[in-house]
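The values are calculated or read from the model by the stated rules, or taken from the named source; none is laboratory data. None of these values were measured; they are calculated from a predicted model. Backbone-built Cβ (ideal geometry, glycine too); neighbour counts: all protein chains shown. Just the protein is used for accessible areas: all its heavy atoms, side chains included, with ligands, DNA and RNA removed. Shrake-Rupley method; radii C 1.70, N 1.55, O 1.52, S 1.80 Å.
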Amino acid sequence: MKRGAVRLGSRLAGAALLVTTTLTAVAAVPAHAGTPDAMRRCAEGQVANHDIPHLLVWGNGGGGVPVGRNPGNIIEPGDVFQIIPDMSSRVDPDDWEGGSLGPDGNGQAAPQGWPFPGLAQYSAVLRFNNNPGGWTSDAQQATAFNRCTVFRDNAPARFSFGVNDPGPGDNHGAWTFRVLIWKASAPTTGPMDRCSRNLPATGPQDRADTSLGVAGNGSFGSFPLGATPGNFLRQGDVLRLEPDYASRARMDYFFADHGPNGTNRPAAASGWPYPDLFELSPVLRFNNNPAGWVGDPVQATALGGCVLWTDALPVRLLFGVNDPDLSDNSGQWNFRLRIYGRD
């Protein structure tokens, strides 16, 4: 285990995956989409408000959106979502003699005594859970949502993926899913519309469309650039940060290269700069100069959708690396940053 935590300032408690924890209500908001418009944007393949393209559901432990041990809710009644499975991804349940299996398991209904009777054995399952109220609906096959689906549960929720295996401890591998959410509460005009249509952020009211590097050793990674950058992202702007998943940073001297999701495993509660966020990954923090941190640290890869910044404070973007020892790291992760300016 590496020693010596390197922090990007003091960490706020309760790290969350998405900037929904930093967003506060705005007095005057443009017309909202509503469920029909969110469904239309999904059907047309417009950019989602939340886009998690490389969610790993571990065969021996599951996964979730947002990431972490006790994350906040991310989807609300009336939102539209889609979960796209990578059917070529595999988990190997050692106690099954047929080899590795895709996210639909072996296709045979599990009997009583299994974690989810009636669902496919050795498959990925999905439940929605409200923080702090608990489960909002019954478990279903995780592969059942490969279409535009209205979220009809009666409370906001987070996604909780599990494995239908009575003994998952001897499983190996992970299934891969892409999770997209189109918010019914999203504005339909201005910067959100330009982002949703995947336009370059180069219009007269837009503010940034640039490549951005984050060093594995923490030596650079901010927007704007510089040692003490000024504030840039303003209330009413829309942010989109798209990771280059082919980019790699080397985390030690032994050729341990990692993409922008690091190990895809949440860090332990102690010994890591950003507990609950992915080990050996880039982490983003929003900071107002001179007031300080705004909201919790977020997974840098969680901002690939169109995110409306509604906090009254303007902020700069400061990146850290979730590694207790940066001294033996090299390389960098690459992102495309787009900021669509408010009208």
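Side notes on the structure shown:
- Of all residues in segment 211-230, those being open to solvent by 50 Å² or more (accessible area, probe 1.4 Å) and assigned to a strand (DSSP E or B) number 1.
For every residue, the table says whether it meets (1) open to solvent by less than 10 Å² (accessible area, probe 1.4 Å); (2) modelled with pLDDT of 95 or more; (3) not assigned by the TED database to the domain that holds ASP138.
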site	(1), (2), (3)
HIS54	no, no, no
GLY59	yes, yes, no
GLY68	no, no, no
ILE75	yes, yes, no
GLN82	no, yes, no
ARG90	no, yes, no
GLN108	no, yes, no
GLN112	no, yes, no
PRO117	no, yes, no
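- Residue match in segment 145-158 (condition: in the same structural domain as VAL91 (by the TED database), in contact with a helix residue (DSSP H, G or I) (Cβ under 8 Å, 6 or more places away or on another chain) and closer than 20 Å to CYS42 by Cβ): yes
- Criterion: open to solvent by less than 10 Å² (accessible area, probe 1.4 Å) and either modelled with pLDDT of 95 or more or more than 18 Å from LEU56 (Cα to Cα) (or both) - qualifying residue of LEU337, LEU308: LEU337
- Every residue from segment 92-106 that is under 30 Å from ALA43 (Cα atoms) and surrounded by fewer than 20 Cβ atoms within 10 Å (Cβ to Cβ): GLY102, ASP104
- Of the set (1) at pLDDT 95 or above; (2) within 30 Å of THR202 (Cβ to Cβ), all apply to ALA227 but (1).
- Criterion: among the aliphatic types (A, V, I, L, M), part of a strand (DSSP E or B), within 19 Å of SER219 (Cα to Cα) and modelled with pLDDT of 95 or more - qualifying residue of LEU280, LEU284: LEU284
- Contact map, segment 176-190: first residue assigned by the TED database to the domain that holds GLN46 and assigned to a loop (DSSP other than H, G, I, E, B), second residue among the charged types (D, E, K, R) and at pLDDT below 95, Cβ cut-off under 7 Å, separation 6 or more or different chains; the map is empty.
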